[in-house]
Amino acid sequence: MKLLKLFITLNLSISLGIITPLSANAAPKVVEQVAAVVNNNVILESDVNDMLKTIKASTDSQNLPNDKILRQQIIDRLVIENLILQKAAKAKITVSDDEVTNAIDKIASENDMTIDQLRSKLSTMGISYSSYRERIHNDMLIDETRMHEVRPRIKISEKEVENLAKNITRQPANNIDVKISHILISIPEKASKQQIDNAVNKAQDIINRAQKGENFAKLATSYSNDDLALKGGSMGWHKLNELPTLFEERLVRAAKGSIIGPIRSGVGLHIIKVDDTRSEAPKTITLQEVNARHILIKTNVLVNDKIAQQKLADIRKSITNGTITFEAAAKANSEDTGTAEKGGNLGWNRPEIYDNGFRDGLSQLKKGEISQPIKSSYGWHLIQLIDTRQIDGTNAMKKDQAYRLIFNRKFSEEAQAWVQEIKGDAYIKITGEDKHE
């Protein structure tokens, strides 16, 4: 359930709660315990306890380890999230209140709830609405920051896209979907031989236990060092081609239920469980193209919306009563210098390339029809739909698919490396009973 998934987003309050006495006879000062120090910030025990309570309320107990191990994983997760939030503050990345409200409205809608019903559901789980808003805000801010920091590291060449698109065409059987779960045993960048050997032994022990039928989700929650640990390592459904290359090579012929690994990468050792697979027969994709022409009048300090709209209305009247042709009117009046001399002709294009206002107006027209004045981000338009046609868009869609698959693959790889880097550059101190290596 999507709602429950978002109930386990993180409450990353980093303020230190202190209650000071009002007089000498007041209650003793209460200082909240600190679970971890992350650079100049702290993670409070209350943050850990809140998340522990929420996870246990929304997760099958069979998939959870004991509280000590679960607390360690929660602290590790909170440390990473805290570091990313610090990056957000430094880069001045923000998420507005309106964006948070829209996200919560969408969550409620997807769960067939009103906002009032969502508030009620949160209350029954012991979560205040204001706390929930903060969690959603932080979750969105973390996603924005990860994209902001990782995306510039990704380079995709046209050759890569063409090669994968051709491969999808030649080997459709390899273009399958896999549902997988994942465990990462991290290895420091400058690890000693002993550290590497310990990681290999740990990974092999986990594989042996999984192959003997031990609950993989519980193993992931207990031992995985990536941000999927608290979801039992579940990565969900993915196209085989969008997974890291190291995974793809081992998964291409893997059967449902297979345990694969350890696979060594730059960040550590990976263990994968194939939860399910599926494939679809190749499909022919048909796309619509439109041939249209337009007359553009731009607004400025002398020409406001009303003047531009009226000018186009007058031009439209002249065209429809036969005083002037659309082509001649475009040559004489259009401020689109790229098309005016061609009678306003835009040629054959897919509708989605156009500005939203222009595209919406175009979609309402019948063949040969001339629109009323329509506003877009460029100004005001008269649009005439000349013709439409259906084309085979299979190759174009495969190239789009190939780009997305390559991007997702590289993003996953770079995001893991980025997290390792920011952890390596940070001062992190785990305090209290949860202190561990």
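The values are calculated or read from the model by the stated rules, or taken from the named source; none is laboratory data. The shown structure was predicted, so the numbers you read here are calculated from the model rather than taken from an experiment. All Cβ positions, even for glycine, are placed from backbone atoms using ideal geometry, and neighbour counts span all protein chains on display. The protein model used for the area step is the full one, side chains on, heavy atoms only, and it has no ligands, DNA or RNA in it. Shrake-Rupley method; radii C 1.70, N 1.55, O 1.52, S 1.80 Å.
So here's what we get for this one:
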quantity	calculated
Pick from region 111-136, criterion assigned to a loop (DSSP other than H, G, I, E, B) and not β-branched (Val, Ile, Thr), ranking: least open to solvent (accessible area, probe 1.4 Å)	ASN111
Some residue of region 53-70 being open to solvent by less than 70 Å² (accessible area, probe 1.4 Å), under 19 Å from ALA426 (Cα atoms) and either small (Gly, Ala, Ser) or touching a Lys or Arg at 6+ places or on another chain (Cβ under 9 Å) (or both)	no
Set ALA89, ALA108: member being among the small types (Gly, Ala, Ser) and open to solvent by 40 Å² or more (accessible area, probe 1.4 Å)	ALA89
Enumeration of residues in region 16-45 that are open to solvent by 40 Å² or more (accessible area, probe 1.4 Å), modelled with pLDDT of 85 or more and over 28 Å from the mean Cα position of the chain (by Cα)	GLN33, VAL34, ASN40
Residue within region 329-339 that is without any contact (Cβ under 8 Å) to a residue 40 or more places away in the chain, out of contact with any Cys (no Cβ under 8 Å at 6 or more places or on another chain) and among the acidic types (Asp, Glu) present	no
Selection within region 343-364 - in contact (Cβ under 8 Å) with a residue 24 or more places away in the chain and surrounded by fewer than 20 Cβ atoms within 10 Å (Cβ to Cβ)	GLY343, ASN345, GLY347, TRP348, ASN349, ARG350, PRO351
Flag if GLN384 is surrounded by 16 or more Cβ atoms within 10 Å (Cβ to Cβ), touching a helix residue (DSSP H, G or I) at 6+ places or on another chain (Cβ under 8 Å) and within 25 Å of GLN309 (Cβ to Cβ)	yes
Residue in region 389-404 that is free of Cβ contacts under 8 Å to residues at least 40 places away in the same chain and within 30 Å of ILE307 (Cα to Cα) present	no
Matching entry among LYS429, LYS423 (being surrounded by fewer than 14 Cβ atoms within 10 Å (Cβ to Cβ), closer than 29 Å to VAL42 by Cα and among the basic types (Lys, Arg))	LYS429
